[in-house]
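The values are calculated or read from the model by the stated rules, or taken from the named source; none is laboratory data. Predicted model, so just to flag it, every value in this text is computed and none were measured. The protein model used for the area step is the full one, side chains on, heavy atoms only, and it has no ligands, DNA or RNA in it. Shrake-Rupley method; radii C 1.70, N 1.55, O 1.52, S 1.80 Å.
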Amino acid sequence: DLINVVIKSDLESAIGDLNHVFATTAFQRDMIKDYETPETFLKSTKTSLVHKERLGIMFGPERTGLTNDHIARCQKVITIPVNPSFSSLNLSHAVSIIAYEWFQTVDY
């Protein structure tokens, strides 16, 4: 339900009831993770959405981003293709880009 918002006090309780969790980061990490663009992320989750699975997208703090520990708890990573010389995005811009792709793809 898009209207109900619940605030959790810790990461584990925030993601515990989700079927899939996706991390967002501008940087490749030394982890075995699939990296998706916002567009390919949405294409890859179509089946999950049809089956009403619960998906979560994890954004980190603007100053530091997600830690490796946060990313390790996620199944895949979403990275927005940007100029490599200026790869860091303002948090609100990253959320806006992913939300834009979401609403272009998901039928309600």
DSSP-defined beta bridges in the chain - what % are antiparallel, rounded to 5: 0 percent
The chain, accessible surface, carbon-and-sulfur percent (1.4 angstrom probe): 54 percent
Count, lysine Cα pairs under 21 Å in the chain, 8 or more residues apart or across chains: 7
GNM top mover of Ser87, Ser96, Ser13 - the chain, alpha-carbon springs below 10 Å: Ser13
Residue among His70, His20, His51 with the largest mean-square fluctuation in a Gaussian network model of the chain, springs linking Cα atoms under 10 Å: His51
Gained length - Thr40 relative to Asn19, 0.36 nm times residue gap less alpha-carbon distance: 5.7 nm
Candidates Thr45, Thr25, Thr79, ranked by Gaussian network fluctuation over the chain, Cα under 10 Å, top entry: Thr45
Quarter of Cα convex hull surface for the chain, i.e. mean projection, nm²: 7.3 nm²
Kirkwood hydrodynamic radius (C-alpha pairs) into Stokes-Einstein, the range 49-108, 20 °C and 1.002 mPa s, D in µm²/s: 161 µm²/s
